[in-house]
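A quick write-up on the structure given underneath.
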Amino acid sequence: FDGTQFYPSLIDSGDTIHDNIMSIFVDGTNKKWIVTPAMIFNGDSGSWQSGNYSVSEYTDLVVDESGTVWIATMANGIVADYGTGHKVYTVDNSMMLSNIVNFLALDSDGGIWAGTMDGIVKISGSNMYTFTRNKDGIDFTDIAHGVVTSSGELWFSWNAMNLSSFQISNSYDPSFLWGKEVVIKSIDVDSRGVVWVGSYGGGLVRIVHSKK
């Protein structure tokens, strides 16, 4: 939307990107990254470039401060594009819990958080950490959405309707439950550290006790 009209599925040059947009990320240089199931597009108006890493369906993307592009996939784990080459992290060559990765999030320390079908993975430098259950011993499954606050608090959905927070100090807060059948569809955080959660069947929830 340019203030006058909408441009669905189009860029300024008139070329179609894709009708199915999985994720959008704006990096520190204001470059826009568009994730579609089969291709990654990056650039700005009139100068878009596409890339394909010969893996399966893409689901999400983040770019860290060093410029490394981290890409989540539906069946091939995580792709890390360092600019001079790329590496694919899977259950076969790393501590990945699952090759199905639904979301990626950056924290203020440069860590990469990944929500997978079988738990949470954090990549910090050359180290990888995994988290598979909450403080009550309940296994996390289908980590579908997540966001990291400025204080380093990860909020994420699991098993469709459950919402939990996770501190960088590696201690889980109690799970937050809707109390009825809902499906969490989106999680985001504003500049004040307030977490907003959108659901199908439960409306919008504002969590104001998140650490700032």
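The values are calculated or read from the model by the stated rules, or taken from the named source; none is laboratory data. A quick note: this is a predicted structure, and the numbers were derived from the prediction, not measured. Please note: Cβ atoms are built from the backbone with ideal geometry, for glycine as well, and neighbour counts cover all protein chains shown. Just the protein is used for accessible areas: all its heavy atoms, side chains included, with ligands, DNA and RNA removed. Shrake-Rupley method; radii C 1.70, N 1.55, O 1.52, S 1.80 Å.
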*Can you name the residue in region 65-89 that is over 22 Å from Ile21 (Cβ atoms) and among the charged types (D, E, K, R) and is also surrounded by the fewest Cβ atoms within 10 Å (Cβ to Cβ) among such residues?*
Glu65
*Of all residues in region 95-121, which are open to solvent by 30 Å² or more (accessible area, probe 1.4 Å) and either at negative phi or not in a loop (DSSP other than H, G, I, E, B) (or both)?*
Met95, Leu97, Asn99, Ile100, Asn102, Leu106, Ser108, Asp109, Met117, Asp118
*Right, Asp92: without any contact (Cβ under 8 Å) to a residue 12 or more places away in the chain and surrounded by fewer than 20 Cβ atoms within 10 Å (Cβ to Cβ) or not?*
yes
*Give region 122-144 a look and list any residue that's in a loop (DSSP other than H, G, I, E, B), at pLDDT 85 or above and surrounded by fewer than 22 Cβ atoms within 10 Å (Cβ to Cβ), or say none.*
Gly125, Ser126, Thr132, Thr141, Asp142, Ala144
*Report, by residue number, each residue of region 59-77 that is hydroxyl-bearing (Ser, Thr, Tyr) and either in contact with a Ser or Thr (Cβ under 6 Å, 6 or more places away or on another chain) or part of a strand (DSSP E or B) (or both).*
Thr59, Thr73
*Only residues in region 108-123 that are over 19 Å from Asn93 (Cβ atoms) count as the first member; pair them with residues that are polar (S, T, N, Q), Cβ under 6 angstrom, at least 6 apart or cross-chain, and list the lot.*
Gly111/Ser124; Gly115/Asn102
